[in-house]
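Visitor: Can you keep this structure in mind? I'll have questions shortly.
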Amino acid sequence: MADLPGYLRTCLHTGKLALLAILVSGGIVLQILACALYNNWWPMLTVIMYVLLPMPLLFFMGSDASLLSESDNGWVNATKFLTGASAVGSIAIPAILKHAGIIGWGALAMELSSYFIFVLAIMCCIRLNDDDDYYSFL
């Protein structure tokens, strides 16, 4: 991609950012539709987990250690644990609500698809930030 002109690389990166915005917007729409279509706002409890999910990364990942590598650092291990617990909670809350009979199958399907769209957006964002030549056009 280094042989492309600067304006074309800028356009491609803008398209990637637009894709991220569309994915996040689609996840939010599915989250709201899961509640509004079935006239039951209990599935909005998963929004708490969506807010709590990045908090350990923001608070504890100030060290030089990578999140994906093995580490003996206690803060990195705590970050991995709390992030994993929040991710499991994002799936568990709709499943528990369905098991208790509070929400239906349609709301559960929309909640889980919203979660997977958010995960896809996060993975795309990580991939976008891993591009070495992202800021090379500046």
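The values are calculated or read from the model by the stated rules, or taken from the named source; none is laboratory data. Keep in mind that what you see is a predicted model, and the values were worked out from it rather than measured. Heads up, the Cβs are rebuilt from the backbone with ideal geometry, glycines too, and the neighbour counts pull from every protein chain shown. What goes into the accessible areas is simple: the full protein's heavy atoms, side chains included, and nothing from ligands, DNA or RNA. Shrake-Rupley method; radii C 1.70, N 1.55, O 1.52, S 1.80 Å.
Visitor: Quick one: in segment 36-50, which of the residues that are of a type in the set (Ser, Thr, Tyr) and under 16 Å from the mean Cα position of the chain (by Cα) is least open to solvent (accessible area, probe 1.4 Å)?
Guide: Narrowing segment 36-50 to residues of a type in the set (Ser, Thr, Tyr): 38, 46, 50.
Subset that is under 16 Å from the mean Cα position of the chain (by Cα): 46, 50.
Details: Thr46: 1, Tyr50: 47 Å².
By that ranking, first place goes to Thr46.
Visitor: For segment 1-18: of the residues being of a type in the set (Gly, Ala, Ser) and touching a residue at least 12 places away in the same chain (Cβ under 8 Å), which is most open to solvent (accessible area, probe 1.4 Å)?
Guide: Taking the candidates together, the pick is Ala2.
Visitor: Tell me, which residue of segment 10-49 that is modelled with pLDDT under 85 and of a type outside the set (Lys, Arg) is nearest to Ile96 (Cα to Cα)?
Guide: In this case the residue turns out to be Leu17.
Visitor: Same structure, new question: What pairs come up if the first residue lies in segment 50-74 and is modelled with pLDDT under 70, the second is basic (Lys, Arg), and their beta carbons are under 8 Å apart, counting only those six or more places apart or on different chains?
Guide: From residues that are modelled with pLDDT under 70, the pairs are Leu67/Lys80.
Visitor: What are the residues in segment 19-35 that are over 13 Å from Tyr115 (Cβ atoms) and open to solvent by less than 50 Å² (accessible area, probe 1.4 Å), if any?
Guide: At the first step, the residues of segment 19-35 found to be over 13 Å from Tyr115 (Cβ atoms) are 19-22, 25, 29, 32-33, 35.
Hits for segment 19-35 are Leu20, Cys35.
Visitor: Okay, moving on. For residues that are surrounded by 14 or more Cβ atoms within 10 Å (Cβ to Cβ) and in a helix (DSSP H, G or I), tally how many sit in segment 93-111.
Guide: Within segment 93-111, residues that are surrounded by 14 or more Cβ atoms within 10 Å (Cβ to Cβ) and in a helix (DSSP H, G or I) number 9.
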